[in-house]
Amino acid sequence: MGEVTELLCQLRSGDAGASEGLFRTVYEELRLIAESQFAREQGEQTLQPTALVNEAYLRLVSGGRLQKFDSRGHFFAAAAEAMRRILIDAARARGSQKRGGHCNRIELGEWVDDSAQATDLLLDLDDGLDLLVAVDSASADLVKLRVFAGLSVTEAGELLGMSRSSAYKNWEFARSWFAVRWEG
């Protein structure tokens, strides 16, 4: 059993000190995920990777106690989702330009250099993910881990308990689904 999984088990058992130990253990990995998010985004940022990690961890804490997580994968999926929500909130707060009726086809994982376009892309991706969850939640979870946590298809699939082939099938489905959505 890995250290993160062990700490999560201790948390489930009611060990209050495990929360602090968990944060120390996962901090660097969460910071690397946050830095990869900022490397993709160009333009003016009001949020820094350290602040993103701290804010994400705070969102995972409920009533002064860390939420219960079933596994390491569950924890990192929740952390990626928290970071996604924070970045979406920040994009909305920057007052992104209103989107017109035109759409540009962009492959998942591609980011544009223009910060206004990047903000619009981030908001479009968030809207799309909300719709994809209703169609195929496993594919949506995989996209979140790929795009917002910077994981490979194989790594994201492993965290979600998918076989390598299932992870690639879900990734291809999500890419196709977004391509159809953004074309029309």
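The values are calculated or read from the model by the stated rules, or taken from the named source; none is laboratory data. From a predicted model like this one, the values you see are computed outputs, not experimental measurements. In this analysis, Cβ positions are derived from the backbone assuming ideal geometry, glycine residues included, and neighbour counts consider all displayed protein chains. All accessible areas refer to the heavy atoms of the entire protein, side chains included, with ligands and DNA or RNA removed. Shrake-Rupley method; radii C 1.70, N 1.55, O 1.52, S 1.80 Å.
For every residue, the table says whether it meets (1) assigned to a loop (DSSP other than H, G, I, E, B); (2) open to solvent by 30 Å² or more (accessible area, probe 1.4 Å); (3) among the polar types (S, T, N, Q); (4) modelled with pLDDT of 85 or more.
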| position | (1), (2), (3), (4) |
| --- | --- |
| L11 | no, no, no, no |
| F23 | no, yes, no, no |
| G43 | yes, yes, no, no |
| F69 | yes, no, no, no |
| L87 | no, no, no, no |
For the range 165-184, how many residues meet the condition of being part of a helix (DSSP H, G or I) and open to solvent by 40 Å² or more (accessible area, probe 1.4 Å)?
-> 12
Residue match in the range 144-164 (condition: open to solvent by 50 Å² or more (accessible area, probe 1.4 Å), more than 21 Å from S36 (Cβ to Cβ) and part of a helix (DSSP H, G or I)) | yes
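Here is a check on your reading of the model: is A93 loosely packed, with under 12 Cβ neighbours inside 10 Å, of a type in the set (A, V, I, L, M) and modelled with pLDDT under 80?
On the way: loosely packed, with under 12 Cβ neighbours inside 10 Å: yes; of a type in the set (A, V, I, L, M): yes; modelled with pLDDT under 80: yes.
Yes; evaluated as a whole, the condition is true for this residue.
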